[in-house]
Amino acid sequence: MPQGYINLKLSDTLMKHLFPMALMCLCLFACNCGKEAETNTSTVTNPIPLKLGDPFLLHAADGRYYMYGTSLADGFEAFVSDDLQTWDSCGQVYRGGDTAQWNVDCFWAPEVYERDGKFYLFYSANYRENPTDEGENFKIGVAVSDSPAGSFTDLYDRPIFNPPYPVIDANVYFDDEQGKCYLYFSRCCYKHAVESEIADSLRQAGSFREIEESWVYGVELKPDFSGIVGEPVLLLCPPTELADRQSEWESRSATHGEVNRRWTEGSFLFRQSDTYYIMYSANHYGGQYYAVGYATSNSPLGPFTKAENNPVLQENVSRGGQVMGTGHNMVLTMPDGQLYCVYHGRMKDNPGERVVLIDKLNIDEDGVLTVDGPTTDAQEIVR
């Protein structure tokens, strides 16, 4: 029998058996992809059912989402979800205020980071050592756990950052390319009166005698989180001139008579391409004018330039909406690459309670950042 005939016969036999098998595999693959896509999409409606301030959302290596925030008088609780809409309590994951601990009360703004199989919780609280009996004595600490659901215990028996002024809102950025990490924080308004054209105009109007301000700083953090490297660098503060376009929105709490303070707080730093974005909140966290802006730099320690389109997130009650007091946000990248802004706000019908919201955050080809919020309509999130 000719060799060519044998080869043709063999090819026909292989095609007869292999083609149906390949077709079956292709169909199974397509079905599985469809099921996975369906499984990994959630319908989320704001506000999500959590009553927290200063929310921080961690997408852990176990595939689940963990939410932390300000809520308890003696520590922090956490919540876990698979779909970002239904949440289960993990209970109290950190307990402070014991006489053997460095902290007393005012446990605020927890942020949890997963590093090398460990989970590190950075937070601010009132320091027990207070020889001059200051009204605000907030410092920054860190606790560690083997699980995102806790329990967390303090890594050190002291604050990791203890400057001669009160500080809150710890945020940490890990620069794995350079092998460095950075701490961002807000110096509190307490005993920090600042002269400016805004302060002068309010004084002349008889509104306030002085205006206190909070400022955002950044500093390198030691790899073991035991302290800082070098001196903090001033990154953001309220404008000093009335003509500054940022002045109007960042001064609303003062100019509307809420309080004699201007805030720059709740900072969160992240990187997109070669640009560092630092988001921050301005105005009184307890009022309706709390809002979010951002600034950019080519370095994690600045200098930063505030964006022309600030604020990028603010109340919508004045425009017929239901949300006010929007602020203290963080940014999370979902598996599909979409960025989301997670923040707290207050609903018009219950302004005394902080709730958690999540909305899309976009950065266009020119590097301009926008937030599609605040929303209260259902949205699809690929998780």
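A compact table of results
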read-out	value
Inter-centroid distance (Cα atoms) of the stretch 97-122 relative to the stretch 315-383, Å	26 Å
Relative contact order computed over the stretch 40-382 (Cα-Cα under 8 Å; 6+ residues apart), in percent	14 percent
Around C341: net Lys/Arg minus Asp/Glu count, Cβ-Cβ under 14 Å	-2
Cβ-defined net charge surrounding I278, 13 Å radius [Lys, Arg +1; Asp, Glu -1]	0
Order of S124, S226, S145 - criterion: other Cβ atoms within 10 Å of each residue's Cβ, fewest first	S226, S145, S124
The stretch 210-275: antiparallel DSSP beta bridges as a percent of all, rounded to 5	75 percent
Coil-residue trypsin sites (Lys or Arg not before Pro) of the stretch 108-203, DSSP, other Cβ within 10 Å capped at 11	K191
Distance violations [Cα-Cα > 30 Å] among K180/K306; K51/K360; K139/K180; K191/K360	K191/K360
Ranked list, fewest to most other Cβ atoms within 10 Å of each Cβ, for C341, C189	C189, C341
Sparse-neighbourhood loop sites, trypsin sites (Lys or Arg not before Pro) in the stretch 211-285 - DSSP loop, at most 13 other Cβ within 10 angstrom	R245
Amide hydrogen neighbours beyond the local backbone of N46, cut-off 5 Å, H modeled	D377
Centre separation in Å (Cα based) which lies between the stretch 196-255 and the stretch 256-305	10 Å
Loop-located GluC sites (Glu not before Pro) in the stretch 89-183 whose Cβ has at most 10 other Cβ within 10 Å (DSSP)	E177
Shape call, the stretch 232-383: gyration tensor on alpha carbons, a/c limit 1.5	oblate
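Each reported figure results from applying straightforward, stated rules to the coordinates on display, with no laboratory input. As the structure is a prediction and not an experimental result, all values here were calculated from the model. When we count neighbours, we look across all protein chains shown, and the Cβ atoms used for this are built from the backbone with ideal geometry, even at glycine.
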